[in-house]
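The block underneath contains the structure these notes are about, expressed in structure tokens.
The values are calculated or read from the model by the stated rules, or taken from the named source; none is laboratory data. Fair warning: this is a prediction, and the values are worked out from it, not measured in the lab. Cβ: placed from backbone, ideal geometry, glycine included. Neighbour counts: every protein chain shown.
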Amino acid sequence: MKFRTEVDIPVSDFKIETNHAIFSIGSCFSTEISNLLADGQLQVFNNPFGTLFNPFSINNAIKKMHSGEKYTEEDLVLYKDEVHSLDHHSSFTAQFPHLALEKINSEIEKGKQFLQQANWVIITLGTSFIYEFLPKNVLVANCHKIPAKFFKKRLLTHVEICESISESISLLKDICKDNVQILYSISPVRHTKDGIIENTWSKSNLITALHQTIYAEKNVHYLPIYEIMMDDLRDYRFYKEDMIHPNSQAIHYIWEKFGDAYFSSQTKEFIAESLKIKQSLQHKPSDSKSIKYLEFQRNLEIKMKEHQAKVKHKIFNL
């Protein structure tokens, strides 16, 4: 007798290897996955524009990195003595334009350089709702709590979503390494502020457009994070207290499913050893000068150097 509708991720023919570079962009769930990859000491670069939720804004970010186009002061807006980029997360907000632009353009350049070496790109879509900034008649990624009278909220059309996804894939294949693997997913986080019905409508639009667009695309895959959360983990014990975001147990369950489908055996072993070393580094001794602890440190340093020898990129700041 079964008591769960378990969602299996098909084992991929394409594997994430220990020396692969992995770029991620999109909703906050892309950050969750990126953080776990970083904990495993793989090469990752996440969200150079900060958290982005809709496919139009994600595509806009990819276009900016593809072209290397720099932002100028004209691209910023002033509100409450701070300057904001409506294409970026609030972490890019600054008191002075030159400070905001320095961070924005630096991240674009770093993102482009990383993408040029990327073997994998992970994209997580969160919503098909978007806002138009009326004074400039442009679609934006973030309203930065600027009064609602300056914005018009609407759903992206099916054509807009499909075109954004298709263009993103084309640009990534142009800027990244040959045979880059692109992995799309839908965020399991419900946007309840839009309304429950509206959130379902929004997610449905994303799912329909995404599957229609990537169906015939080579080296583009779908990771069923949304389906795992909605069907396999359909119990509030897998959510944080806000009853919206997946909790640590759910995230690690999805992570294991992801790893089983996409990690090579060497990558699994490498990540497991990385996590053991990370745990050892967090050890706090009662006596940091004891012979026993000094021996522990020496052995740990040897392990770290042996682990570093397995990959070309720097790990644990060695």
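General observations
- Within region 298-318, no residue that is farther than 17 Å from Glu269 by Cβ sits with its Cβ atom under 6 Å from a residue that is of a type in the set (A, V, I, L, M) and not in a helix (DSSP H, G or I) at 6+ positions apart or across chains.
- Test set (1) in contact (Cβ under 8 Å) with a residue 12 or more places away in the chain; (2) over 20 Å from the mean Cα position of the chain (by Cα); (3) surrounded by fewer than 15 Cβ atoms within 10 Å (Cβ to Cβ) - Glu102 fails condition number: (1)
- Test: residue in region 206-219 that is among the hydrophobic types (A, V, I, L, M, F, W, C), touching a Leu at 6+ places or on another chain (Cβ under 6 Å) and surrounded by fewer than 19 Cβ atoms within 10 Å (Cβ to Cβ): no
- Any hit, region 76-88, residues being more than 23 Å from Ile161 (Cβ to Cβ), buried (at least 17 other Cβ atoms within 10 Å of the Cβ), of a type outside the set (A, V, I, L, M, F, W, C) and under 17 Å from the mean Cα position of the chain (by Cα): no
- Failed condition for Leu300, given (1) surrounded by 11 or more Cβ atoms within 10 Å (Cβ to Cβ); (2) at positive phi: (2)
- Condition met for Gly50 (within 16 Å of the chain's Cα centre (by Cα) and of a type in the set (Gly, Ala, Ser)): yes
- Among the candidates Leu183, Leu171, residue that is outside any helix (DSSP H, G or I) and either at positive phi or buried (at least 17 other Cβ atoms within 10 Å of the Cβ) (or both): Leu183
- Just one of (1) in a helix (DSSP H, G or I); (2) surrounded by 19 or more Cβ atoms within 10 Å (Cβ to Cβ); (3) of a type outside the set (Ser, Thr, Tyr) fails for Ile197. It is (2).
- The strands (runs of 3 or more DSSP E) found wholly in region 97-151 and carrying at least 3 residues that are farther than 23 Å from Tyr222 by Cβ occupy 129-133, 138-140.
- Checking each residue of region 110-127 against the condition of being without any contact (Cβ under 8 Å) to a residue 60 or more places away in the chain and over 28 Å from Val180 (Cβ atoms) gives no match.
- Of all residues in region 237-252, those being surrounded by 17 or more Cβ atoms within 10 Å (Cβ to Cβ) and either among the charged types (D, E, K, R) or not in a helix (DSSP H, G or I) (or both) number 3.
- Taken over region 235-251, the criterion of being touching a residue at least 24 places away in the same chain (Cβ under 8 Å) and either in contact with a Cys (Cβ under 6 Å, 6 or more places away or on another chain) or of a type outside the set (A, V, I, L, M) (or both) is satisfied by His245, Pro246.
- Unique residue being hydroxyl-bearing (Ser, Thr, Tyr), crowded, with 21+ Cβ neighbours inside 10 Å, under 16 Å from the mean Cα position of the chain (by Cα) and modelled with pLDDT of 95 or more when the list is Ser24, Ser30: Ser24
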